[in-house]
Amino acid sequence: MPFRFAKSIHTYLIDYPVIIVLMVAPFLLKLGKGGPVGPWISVVTRAATLLLPVLTDHTTGPVPVIPNWLHLWMDGASGVVSITAPTAFHFTGLSDRYYSVLVAAVLLTTSVLNAVR
């Protein structure tokens, strides 16, 4: 599979849909009960992450100013925020489990995509 095709799959099947779901899911799951900061951390970090595919220098980025390696690094940084948030803000219950699954998914995805490079 050519790398260019892999980047477009990453953008259209992972970046845009997943980011939107991750911005909405905390409110649908009512995550604020386990820590009132929880839903907003997700919205802020994912809103920043939503800019990445727009600014990445590949065929799907309308304003190509960020290299793809930096895009993947920033995805990983988003995972680090998700790792530290449950401990830093003392999330409990569903909020804690939500962020644990999110961390695993983000870090697995970014490590696999970095390995493809």
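Surrounded by fewer than 18 Cβ atoms within 10 Å (Cβ to Cβ), in contact with a helix residue (DSSP H, G or I) (Cβ under 6 Å, 6 or more places away or on another chain) and either farther than 20 Å from residue 16 by Cβ or modelled with pLDDT under 75 (or both): is that true of residue 92 in this structure?
yes
Scanning the stretch 25-55 for residues that are of a type in the set (Val, Ile, Thr) and part of a helix (DSSP H, G or I), which turns out farthest from residue 88 (Cα to Cα)?
Looking at residues that are of a type in the set (Val, Ile, Thr) and part of a helix (DSSP H, G or I), I get 54.
Select from the stretch 95-117 the residues that are charged (D, E, K, R) and at pLDDT 70 or above and write down the one among them that is most open to solvent (accessible area, probe 1.4 Å).
Among those residues, the one meeting the criterion is 97.
Can you pull out the residues in the stretch 73-89 that are in contact with a helix residue (DSSP H, G or I) (Cβ under 8 Å, 6 or more places away or on another chain) and polar (S, T, N, Q)?
78, 82
Can you pull out every residue in the stretch 37-48 that is at pLDDT below 75 and either open to solvent by 20 Å² or more (accessible area, probe 1.4 Å) or in contact with an Asp or Glu (Cβ under 7 Å, 6 or more places away or on another chain) (or both)?
Matches in the stretch 37-48: none.
What number of residues in the stretch 64-89 are among the small types (Gly, Ala, Ser), open to solvent by less than 40 Å² (accessible area, probe 1.4 Å) and within 12 Å of residue 38 (Cα to Cα)?
Matching residues across the stretch 64-89 total 2.
Return the residue satisfying two criteria in turn: it lies in the stretch 1-36 and is hydrophobic (A, V, I, L, M, F, W, C) and modelled with pLDDT of 80 or more, and of such residues it is most open to solvent (accessible area, probe 1.4 Å).
28
One residue is enough: does the stretch 54-63 have a residue meeting the conditions within 19 Å of residue 106 (Cα to Cα), among the hydroxyl-bearing types (Ser, Thr, Tyr) and exposed (fewer than 14 other Cβ atoms within 10 Å of the Cβ)?
No.
State all residues of the stretch 64-105 that are in a loop (DSSP other than H, G, I, E, B) and touching a strand residue (DSSP E or B) at 6+ places or on another chain (Cβ under 9 Å); if no residue qualifies, say none.
64, 65, 67
The values are calculated or read from the model by the stated rules, or taken from the named source; none is laboratory data. Quick caveat: nothing in here was measured; it's all calculated off a predicted structure. Every residue, glycine among them, receives a Cβ derived from its backbone with ideal geometry; neighbour counts consider all protein chains shown. Ligands, DNA and RNA are excluded from the accessible area calculation, which covers all protein heavy atoms including side chains. Shrake-Rupley method; radii C 1.70, N 1.55, O 1.52, S 1.80 Å.
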